[in-house]
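Visitor: Below: one structure in structure tokens.
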Amino acid sequence: MKTTRKKASKKEFILKKAAQMFRDKGFAATSMRDLAETVGIEAASLYNHIRSKNEILETICFDVANRFTLFMDDMETGTQPVIKKIDTLLRFHIRQMIDSIEEVIVSDREWKHLDEPYLSNFHNQRRTYRKRFAAIIEDGIKSGEIKKIDAPTAVMILLHAVNGIESWHRSNARISAEDLENNMVMIMIDGLRK
């Protein structure tokens, strides 16, 4: 049992380092040799933990997609007002960008390097997620909580705003993560609220 946990730990460490490298250099420019060097093991030993660079990308992308999908499932089945659902969704997105930036950025930018059938599957998951988010906004328009706006455009704007958190990570004079979250949600929710 101890060996299995140690192997899982090493794999998690490899995935974390790979996400950092894929974010910094891009998937295509990162070699397994580079990754092995960063992790501190021989390239041949890397294959004891992972089958290929593509498997790493698949794992990162689908781990992120599954986290977002499960959270969306909870929002859709919840009974709170639409504005509260959107507030909660935005806070989740922001927290993911603050706490798991490498994985989220890689899944957002590098997914196009996935092999089939993973590429089509991931693309469908992304599209479906955005449609589900837009459907929540449309429910808010119908209930009178949200201004009459184009819901897919609103989703695009909200998600792009959250992606901007990447520049917060690079800032030397940044506000706290909590203040960032509260400011962003206030601005975005106030822009939607009727």
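Visitor: Per-residue HN-Hα couplings for the stretch 88-93, Karplus 6.51 cos²θ - 1.76 cosθ + 1.60 at θ = phi - 60°, whole Hz, x for Gly and Pro?
Guide: Along the stretch 88-93, the couplings run 5, 4, 4, 4, 4, 4 Hz.
Visitor: Could you work out the helix-only [θ] at 222 nm for the chain, with each DSSP H run of four or more residues adding -39,500 (n - 2.57) and the total divided by the number of residues, to the nearest 500 deg cm²/dmol? Numbers along the way, then the final one.
Guide: Working: 10 runs with 149 residues, N = 194.
Calculated at 222 nm, the ellipticity per residue is -25000 deg cm²/dmol.
Visitor: Now, a different point. What does the net charge come to around Q125 if you take all other residues with beta carbon closer than 14 Å to its beta carbon, with K and R at +1 and D and E at -1? List each step's numbers first, then the result.
Guide: Numbers: positive: R67, K112, R126, R127, R130, K131, R132; negative: E58, D63, D73, D108.
Net of charged neighbours comes to +3.
Visitor: How big is the stretch 33-179 by the Kirkwood estimate over distinct Cα pairs, in Å?
Guide: Values: mean 1/r = 0.0579 Å⁻¹.
It is 17.3 Å.
Visitor: Here is a further query. In the stretch 50-142, which GluC sites (Glu not before Pro) are in a loop and have at most 16 other Cβ atoms within 10 Å, using DSSP for the loop call? Walk me through the numbers on the way to the answer.
Guide: Details: sites: E55, E58, E76, E102, E103, E110, E138; in loops: E110.
In loop regions of the stretch 50-142 (DSSP not H, G, I, E or B), there are no sparsely surrounded GluC sites (Glu not before Pro).
Visitor: Another question, if that's okay. May I ask for the distance between the Cα centers of the stretch 141-194 and the stretch 52-125, given as a whole number of Å?
Guide: Using only Cα atoms, the two centres lie 17 Å from each other.
Visitor: Now a separate question. Counting Lys and Arg as +1 and Asp and Glu as -1, what is the net charge of the other residues whose Cβ lies under 14 Å from the Cβ of R23?
Guide: -2
Visitor: Round to the nearest 10 and report in Å² the accessible area of S176, as given by a 1.4 Å probe over the protein chains' heavy atoms.
Guide: Accessible area, nearest 10 Å²: 60 Å².
Visitor: Then there is this: Cut-off under 18 Å on the C-alpha distance; same-chain residues fewer than 8 positions from K112 excluded. Which lysines are left, in chain and number order?
Guide: K25, K53
Visitor: I've got another one for you. Note down the net charge around P152, summing +1 for each Lys or Arg and -1 for each Asp or Glu among other residues with Cβ under 11 Å from its Cβ. Let's see the in-between values first.
Guide: Working: positive: R127, R130, K131; negative: E138, D150.
My count for the surroundings of P152 gives +1.
Visitor: List every residue whose amide H lies under 5 Å from the amide H of I146, counting only residues 5 or more places away in sequence or on a different chain, with H placed 1.01 Å from N in the peptide plane.
Guide: For I146, whose amide H was placed from the backbone, the distant partners under 5 Å are I141, K194.
The values are calculated or read from the model by the stated rules, or taken from the named source; none is laboratory data. This is a predicted model, so every value here is computed, not measured. Cβ atoms come from the backbone with ideal geometry, glycine included; neighbour counts cover every protein chain shown. Accessible surface is based on the protein model in full, side chains and every heavy atom, while ligands, DNA and RNA are left aside. Shrake-Rupley method; radii C 1.70, N 1.55, O 1.52, S 1.80 Å.
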